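Take a look at the following structure, please.
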Amino acid sequence: MIAERSAGAFEARRAALDRAYANGLIFWERAELVGAVFLVDPAGLGGVHVRGPVGPVRDFWLAQVQRLLAADQPFVSIPAGTPEDRLLGGISLERSLRTGALTAERGLLSEADGGIACVRMAERLESSDAAPIASALECGEVHIERAGTSRRDRAGFGLIALDEGEGPDETVPANLMERMGLSIDLTDIPPRLAMAFEAGPHDIAAAKLAYSKAIVPDAILEAIVHVAARAQIGSLRAPLFCLRASKAIAALEGHSEVTESDARSACALVYGPLVAPPQTEEEAAPPPPPEQHEADRPDQAEPLPEGVLEEQLIQAVQNAALLGALQTAARVESQRRAHAEGRYGAKSRGGGKGRPDRPRPARGRRTHRIDLLSTLRAAAPWQKLRGRGDGRLKLRASDLNVKRHRHRAESSVIFVVDASGSAALNRLADVKGAIEMLLSECYARRDLVSLIAFRDETSETLLSPTRSLTRVRRALAGLPAGGTTPLADGLSQARGLAESEMGRGRTPLIVILSDGRGNVALNRSTDREIARGDTDKAARRLGASGASILFFDTSRRPSPGAKALSDAMGAAYAPLPPSHASQAVAGAVRNTIGRR
Amino acid sequence: MLGGFCVFMVCRFESAQPGVTVPPYPFSAIVGQDDLKRALILCAIDASIGGVLAFGDRGTGKTTAIRALAALLPPQNVVEGCPYRCDPAAIDPTCPHCSILKSHKSTTRQAPVVTLPLGATEDRVLGALDLERALVKGEMRFEPGLLASANRGFLYVDEVNLLDDHLVDVLLDVAASGRNTVEREGLSIAHAARFVLVGSGNPEEGDLRPQLLDRFGVFVDVRTPVNPKERVQIVRRRDAYERAPKTFCADWKNKDRKLQKQIMEARARLNEIETSDAVLETAAELCITLGSDGLRGELTLQRAARALAAFEGETTVTHEHLRAVARPSLAHRLRKDPLDDSDASARVDRAVSAVFDA
């Protein structure tokens, strides 16, 4: 989809950009500028979202950033899966036991105060794991209230979030993204193009001084704010980041006052990654109407002032967005190929997975890890009674508490919806009704819901797994329909999503609503034979993924073809009843989930 | 913000650092977000309104407004050394600290705005056995938690929809009863914990359980400002604040003081404000029209209208006051079909015009 749109839409501009894109030079220059700007005020700019695989280019960029740090600026690396108490601070068991008094220690975030914290594999963070980091970025301090400790530590740092995610759905949680002002993508830069940053540590030091005194002319400040609004960026953090970036660029350039060209660069850096690439006339759909509160926003009618400067800035943003789109387009294409060749992700799960829960008395449970803190807490009051003569702690079996990891296997319901022409004509309304009915069920159970729709030539994940009903409703309402039936593509995309959900420790349930008449092959050809072969293969692969599958036949009359397809993937098959469809679907899904 | 509390809790740890020295952004310097500001002010006037839930877009200054609130709250008299912040004029007879003392020394403190960080554990929220004392001296002593520190003030939970369910349950239970009862590790303790619960969050991260929504007194739907002038003003002020925080705060101090004085006067007058039967009837009619569940909505509506009247210096509650607080008091209490797309605020507005303009 993305490849199609951007490649088709920007043929003209693409030719000009192709050469630069091919050698990745622009992207490295951009990464270098981002690095320098970030270092001028790491905490003020929030952070850099670094997209790209592990490799020499990423390592080199990080090394360059570290080279430019001042002597007193820490660079703290936070590996994936760092426990919360190490991240935020808390009681140090080691020191407490050694000194005999409770001793607290700072966490990694607080150790990064004044410098940079670098989170690895940030795409694996859940939004609840990311929330404490986001809150530290917001307040410049870490505040913990846990396990007998209460403390606030200064933590004014800038974040580098390393994102190795594949595909547009796997990325850093939104609450963290929102608080990082800058973003780079290192994926397609060949190692030979990664060159040392031009600036040295002294340049950054000088820029820091100039930054604190940099003046922003009123016209430029206004333009920066207006451009964000025109680019449909609602959050007010973005213009603030942009303002700071423009000051940082001015400082690096040796300007005492932010110039128009500084502002242009800043807009491209900050807003570029946030906006969708510009669209051509026939493609440009009318912007979605603002959803509600139309009536109580009289001020909305006021048109945004437009000026020459603003036009320039918008142009800068759009060019940046276009570059980004070209980069993504190439990636999506190569991933599609990789996926078509078949690739199974690791599904193994380590023990002790899940979020730590409250410790519980051991009572004969030998297999669990002992929770020292709560064991001490339980033993403490009895020390006098038990007579502590030799200064040693007297522990009894009844004191032992074990660690528990809450691992309620979350269900993740993946809807795969046939939005092709044949389905749209017949049953799309029924299908929507059925899904809506199910949603209220999921809402009560607090399951995750995602939505894949396939039509025309490809399938698209309209919604990656979410608990937000608001988003599900929105995606469902805007479900486009019509065209051919690329069922094979839909099934393989469902498999990809199901496997990624299993990798996160969730239990996927795939609900397919289709008439089973796939007529587009994976290579997008409409040859019936190839299409049928691909569909069948995709169905069997999906069955092998181990996810539970429900297949609802949306044909007018139950068809043997759909039944055979359903059997191929080992799914439970049911025809979607014409009316009251909703209850039937909801009932079937409820039973499937309940059985687990 | 909670200087006293922090020193008290933290001084035992050797590597503790002093709190952040930058003063918080002043409340009166916040541009726009009038609904949120008004909701906070009304709860500062009358704590029995029952808390604020601010839900909405990212980057709209929810956290800024709540942090700024601390400076507005009138200072209060507390018993010196009492971790539960007892009022010397009305000492809680069950207070674990004050009930065993013969005489009490009074001191003036700033009202607390306590933040409950995500990931907080139950022992620090409710209070638990003081581990160090127990280990070193073998003494059973209760170490008060955040609920004790928040007594007679505000308790703020950012991203409340990400908070563990069991903690949310505890919070709401204590907020409703005004008492915190701890039965754990051989301790049995109860103390007063009356606080205004303020929650904020973003619906895209996940919805709040419907039964929790109704427990917050007022609900504010926070939206990104769309007026270009307002947006420029917000960014400009923020820039000025960051450039020189101390000067900026000094410039706004007078406005904050004025607002604080207004809140104090409104508090003092609150009980003299009269609500006529006609206004009460209208409030009831509005709730019936909307089919909002239970009496909680009606009570909140009355109290919020009364606090607004007091804030505006009036002596009686008018229909205009009711109208002004109808949406935040009722919009989150409508019986909700999770698939109903029609906006709750719009439904309240329709009911308001139906009842008032009839």
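The values are calculated or read from the model by the stated rules, or taken from the named source; none is laboratory data. From a predicted model like this one, the values you see are computed outputs, not experimental measurements. Quick reminder, even Gly has a Cβ in these numbers, built from the backbone with ideal geometry, and neighbours come from all protein chains shown. Note: areas computed on protein heavy atoms with side chains; ligands, DNA, RNA excluded. Shrake-Rupley method; radii C 1.70, N 1.55, O 1.52, S 1.80 Å.
Can you confirm whether segment B:198-214 contains a residue that is away from chain A (no Cβ under 14 Å), within 17 Å of B:Thr64 (Cα to Cα) and not in a helix (DSSP H, G or I)?
yes
Turning to a different aspect of this structure: Could you grab me the full set of residues in segment B:60-78 that are open to solvent by 20 Å² or more (accessible area, probe 1.4 Å) and within 28 Å of B:Ala89 (Cβ to Cβ)?
If the condition is that a residue be open to solvent by 20 Å² or more (accessible area, probe 1.4 Å) and within 28 Å of B:Ala89 (Cβ to Cβ), then B:Ala71, B:Pro75, B:Gln76, B:Asn77 are the ones that fit.
Out of the residues in segment B:231-285 that are aliphatic (A, V, I, L, M) and within 14 Å of chain A (Cβ to nearest Cβ), which is nearest to A:Arg237 (Cα to Cα)?
B:Val235
Determine if segment A:58-80 includes at least one residue that is open to solvent by 30 Å² or more (accessible area, probe 1.4 Å), modelled with pLDDT of 90 or more and within 15 Å of A:Phe27 (Cα to Cα).
Checked segment A:58-80: at least one residue is open to solvent by 30 Å² or more (accessible area, probe 1.4 Å), modelled with pLDDT of 90 or more and within 15 Å of A:Phe27 (Cα to Cα).
Whether any residue in segment A:158-174 is more than 9 Å from every other protein chain (Cβ to nearest Cβ) and among the polar types (S, T, N, Q) is what I want to check.
yes
Just the residues that are surrounded by 15 or more Cβ atoms within 10 Å (Cβ to Cβ) and assigned to a loop (DSSP other than H, G, I, E, B), please, taken from segment A:524-545.
A:Ser545
Another question about this same structure. Does any residue in segment B:14-40 that is on the phi < 0 side of the Ramachandran plot and more than 10 Å from chain A (Cβ to nearest Cβ) come within less than 6 Å, Cβ to Cβ, of a residue that is outside any loop (DSSP other than H, G, I, E, B) and at pLDDT 95 or above six or more places away or on a different chain, and which pairs are these?
none
Kindly establish whether A:Arg124 is more than 24 Å from A:Glu29 (Cβ to Cβ), within 12 Å of chain B (Cβ to nearest Cβ) and open to solvent by 30 Å² or more (accessible area, probe 1.4 Å).
no
When residues of segment A:52-64 are filtered for being out of contact with any helix residue (DSSP H, G or I) (no Cβ under 7 Å at 6 or more places or on another chain) and assigned to a helix (DSSP H, G or I), how many remain?
Residues that pass the stated criteria total 5.
Being open to solvent by less than 10 Å² (accessible area, probe 1.4 Å), at pLDDT below 85 and in contact with a strand residue (DSSP E or B) (Cβ under 6 Å, 6 or more places away or on another chain) narrows it down to one of B:Cys98, B:Cys43, so name that one.
Going through B:Cys98, B:Cys43 in turn, the sole match is B:Cys98.
Further question on the same structure: Kindly state which helices (runs of 4 or more DSSP H) lie completely within segment A:424-510 and contain at least 2 residues that are open to solvent by 40 Å² or more (accessible area, probe 1.4 Å), within 14 Å of chain B (Cβ to nearest Cβ) and modelled with pLDDT of 85 or more.
Those helices (runs of 4 or more DSSP H) do not exist here; none qualify.
When segment A:216-252 is examined, which residues are found to be modelled with pLDDT under 90 and either more than 14 Å from chain B (Cβ to nearest Cβ) or outside any helix (DSSP H, G or I) (or both)?
Scanning segment A:216-252 gives A:Ala231, A:Gln232, A:Ile233, A:Gly234, A:Ser235, A:Leu236.
Looking at segment B:135-147, which of its residues are crowded, with 24+ Cβ neighbours inside 10 Å and more than 9 Å from chain A (Cβ to nearest Cβ)?
B:Pro144, B:Leu147
Additional query: Might you check whether a residue that is in contact with a helix residue (DSSP H, G or I) (Cβ under 6 Å, 6 or more places away or on another chain), closer than 27 Å to A:Tyr271 by Cβ and not aromatic (Phe, Trp, Tyr) occurs anywhere in segment A:65-77?
Yes - at least one qualifying residue is present in segment A:65-77.
Yes/no matrix, rows are residues, columns are (1) out of contact with any Leu (no Cβ under 8 Å at 6 or more places or on another chain); (2) open to solvent by less than 80 Å² (accessible area, probe 1.4 Å):
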{"site": "B:Asn227", "(1), (2)": "yes, yes"}
{"site": "B:Val232", "(1), (2)": "no, yes"}
{"site": "B:Gln262", "(1), (2)": "yes, yes"}
{"site": "B:Ala266", "(1), (2)": "yes, yes"}
{"site": "B:Glu274", "(1), (2)": "yes, no"}
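For segment A:159-172, state whether one or more residues are on the phi > 0 side of the Ramachandran plot and open to solvent by less than 50 Å² (accessible area, probe 1.4 Å).
yes
Which one is modelled with the highest pLDDT, of the residues in segment A:97-109 that are open to solvent by less than 20 Å² (accessible area, probe 1.4 Å) and within 9 Å of chain B (Cβ to nearest Cβ)?
My answer is A:Ala104.
What do you reckon, is B:Pro83 away from chain A (no Cβ under 11 Å), open to solvent by 10 Å² or more (accessible area, probe 1.4 Å) and modelled with pLDDT under 85?
no
Okay, moving on. For segment A:253-264, indicate whether the set of residues that are closer than 30 Å to B:Lys229 by Cα, within 14 Å of chain B (Cβ to nearest Cβ) and basic (Lys, Arg) is non-empty.
no
Between B:Leu213, B:Leu171, which is free of Cβ contacts under 8 Å to residues at least 60 places away in the same chain and aliphatic (A, V, I, L, M)?
Just a single option satisfies the conditions, and that option is B:Leu171.
If you go through segment A:204-240 one residue at a time, how many are farther than 24 Å from B:Lys229 by Cβ and open to solvent by 10 Å² or more (accessible area, probe 1.4 Å)?
Matching residues across segment A:204-240 total 8.
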